[in-house]
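A.B. asks: Sharing a structure below in structure tokens format, with a few things to ask.
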Amino acid sequence: MKVLIATSKPFAKVAVDGICEVLKNGGHEVVLLEKYTEKQQLLEAVVDANAIIIRSDIVDAEVIAAAKDLKIVVRAGAGFDNVDLEAATAAGVCVMNTPGQNSNAVAELALGMMVFAVRNFYNGTSGTELMGKKLGIHAYGNVGRNVARVAKGFGMEIYAFDAFCPANVIAADGVTPLASAEELYKTCDIVSLHIPATAETKNSINYDLLKTMPKGALLVNTARKEVIDEAGMVKLMEERNDFKYVTDIMPSNNDEMVEKFAGRYFSTPKKMGAQTAEANINAGIAAANQIVDFFATGNERFRVNK
Ligand code: 3PG
């Protein structure tokens, strides 16, 4: 089978080498499309692909329609909001992710961004410490769990809210489960976002929720930009000069945020959470193994579409 690795933001070379080895040992041919800048390049590359490995690359109905021989798309990572699942299902294409494989990398970045923000972006002025601060983990999935583990080392008081994870699972990790997002934001000095982008969560982190955070609050977003109500964030930061926002996913209104909130706002230029050699190897090789298995045995574990 022909497997296309389509990554506008490439994996580390060591990961690509590992992925190619797994796929070739499984009897497959590999085609690499890295650092592409136009959708047209992807549309041309998918024409004869039987499988595709992607990251945050957009696989919409047009891409699926262009990929006439496509059987499987594996998102090497957690979130699959970049794939049109309905179009894939309609075309008989299996979509998978590789849950958990890059979560430590994202968690480490979240804590790194916290330190960066509470130390005033390393500008030479006196900041604050994480020890003793109340940390709210919004959604207790693979990344949230890792954030809790690392934050314990900093001596933080840890709380979490997750609409789907049972309270006893959260409590078993020594984390205090809270009953609602409202309670989490009201309680915590720092909130770390780990919710996926879905129809329900889009714009859900809004002015009303954020305004209840304590004085000197910090929001850290290593999840998705779509979950933030950007106009609400501007309004809040205009009203509260004690509020800081750091994000690994550049918002649509980045220029406005930089101009208005210098010293209280930071965005990475490109999403860096999963951009480590380890995460690339873990997620990339898992994706390759899942493809080999899918064609060899029909294994559809990790399928995310119907
Ligand atoms: C994910 O959903 O796995 C993360 O957001 C990482 O995305 P990336 O592979 O595009 O860096």
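A.B. asks: Pick from the range 244-280 the residues that are under 14 Å from A12 (Cβ atoms) and open to solvent by 40 Å² or more (accessible area, probe 1.4 Å): which of them is nearest to the ligand (Cβ to nearest atom)?
C.D. replies: Q275
A.B. asks: With the requirement that a residue be open to solvent by 20 Å² or more (accessible area, probe 1.4 Å) and either in contact with an Asp or Glu (Cβ under 8 Å, 6 or more places away or on another chain) or within 16 Å of the ligand (Cβ to nearest atom) (or both), what does the range 52-64 give you?
C.D. replies: S56, I58, D60, A61
A.B. asks: Across the range 1-51, what is the number of residues that are touching an Asp or Glu at 6+ places or on another chain (Cβ under 7 Å), within 16 Å of the ligand (Cβ to nearest atom) and open to solvent by 10 Å² or more (accessible area, probe 1.4 Å)?
C.D. replies: 2
A.B. asks: Does E239 qualify as being open to solvent by 40 Å² or more (accessible area, probe 1.4 Å), away from the ligand (no atom under 16 Å from the Cβ) and out of contact with any Asp or Glu (no Cβ under 8 Å at 6 or more places or on another chain)?
C.D. replies: Against the criterion (open to solvent by 40 Å² or more (accessible area, probe 1.4 Å), away from the ligand (no atom under 16 Å from the Cβ) and out of contact with any Asp or Glu (no Cβ under 8 Å at 6 or more places or on another chain)), E239 qualifies.
A.B. asks: Here's something else I'd like to know. Being more than 19 Å from P99 (Cα to Cα) and in contact with a Phe, Trp or Tyr (Cβ under 7 Å, 6 or more places away or on another chain) is the filter here; which residues of the range 136-157 pass it?
C.D. replies: G136
A.B. asks: Which helices (runs of 4 or more DSSP H) does the range 39-151 wholly contain that include 1 or more residues that are hydroxyl-bearing (S, T, Y) and within 20 Å of V191 (Cβ to Cβ)?
C.D. replies: Per the criteria, 103-118.
A.B. asks: Also, quick follow-up: Can you find even one residue in the range 103-118 that is more than 13 Å from the ligand (Cβ to nearest atom) and among the hydroxyl-bearing types (S, T, Y)?
C.D. replies: No, the range 103-118 has no match at all.
A.B. asks: Kindly indicate which of A283, A288 is assigned by TED's automatic domain parsing to the domain that holds C20, open to solvent by less than 60 Å² (accessible area, probe 1.4 Å), within 16 Å of the ligand (Cβ to nearest atom) and over 23 Å from R145 (Cβ atoms).
C.D. replies: A288
A.B. asks: With respect to A67, determine if the residue is crowded, with 23+ Cβ neighbours inside 10 Å, within 8 Å of the ligand (Cβ to nearest atom) and not assigned by TED's automatic domain parsing to the domain that holds E200.
C.D. replies: no
Residues checked against (1) at pLDDT 95 or above; (2) under 17 Å from the mean Cα position of the chain (by Cα); (3) closer than 24 Å to D84 by Cβ:
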| site | (1), (2), (3) |
| --- | --- |
| G174 | yes, no, no |
| D208 | yes, no, no |
| G216 | yes, no, no |
| R224 | yes, yes, yes |
| A231 | yes, no, no |
| T247 | yes, yes, no |
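A.B. asks: Only residues that are surrounded by fewer than 19 Cβ atoms within 10 Å (Cβ to Cβ) and either under 13 Å from A231 (Cβ atoms) or of a type in the set (S, T, Y) (or both): list them for the range 199-221, please.
C.D. replies: N203, S204, N206, Y207, D208, T212
A.B. asks: Which members of the range 266-306 meet the condition of being aromatic (F, W, Y) and under 18 Å from the mean Cα position of the chain (by Cα)?
C.D. replies: F266, F302
A.B. asks: Turning to a different aspect of this structure: Taking interchain pairs and intrachain pairs at least six residues apart, which have beta carbon atoms under 7 angstrom, with the first residue in the range 278-301 and touching a residue at least 12 places away in the same chain (Cβ under 8 Å) and the second assigned to a helix (DSSP H, G or I) and surrounded by fewer than 16 Cβ atoms within 10 Å (Cβ to Cβ)?
C.D. replies: I281/V14
A.B. asks: While we're on this one: What about M96, is it within 13 Å of the ligand (Cβ to nearest atom) and either under 14 Å from the mean Cα position of the chain (by Cα) or in contact (Cβ under 8 Å) with a residue 12 or more places away in the chain (or both)?
C.D. replies: When the stated conditions are applied, M96 passes them.
The values are calculated or read from the model by the stated rules, or taken from the named source; none is laboratory data. Note that this is a predicted model, so its numbers are computed, not measured. Positions of Cβ are backbone-derived with ideal geometry, glycine not excepted, and every protein chain shown enters the neighbour counts. SASA here: full protein model, heavy atoms, side chains in, ligands and nucleic acids out. Shrake-Rupley method; radii C 1.70, N 1.55, O 1.52, S 1.80 Å.
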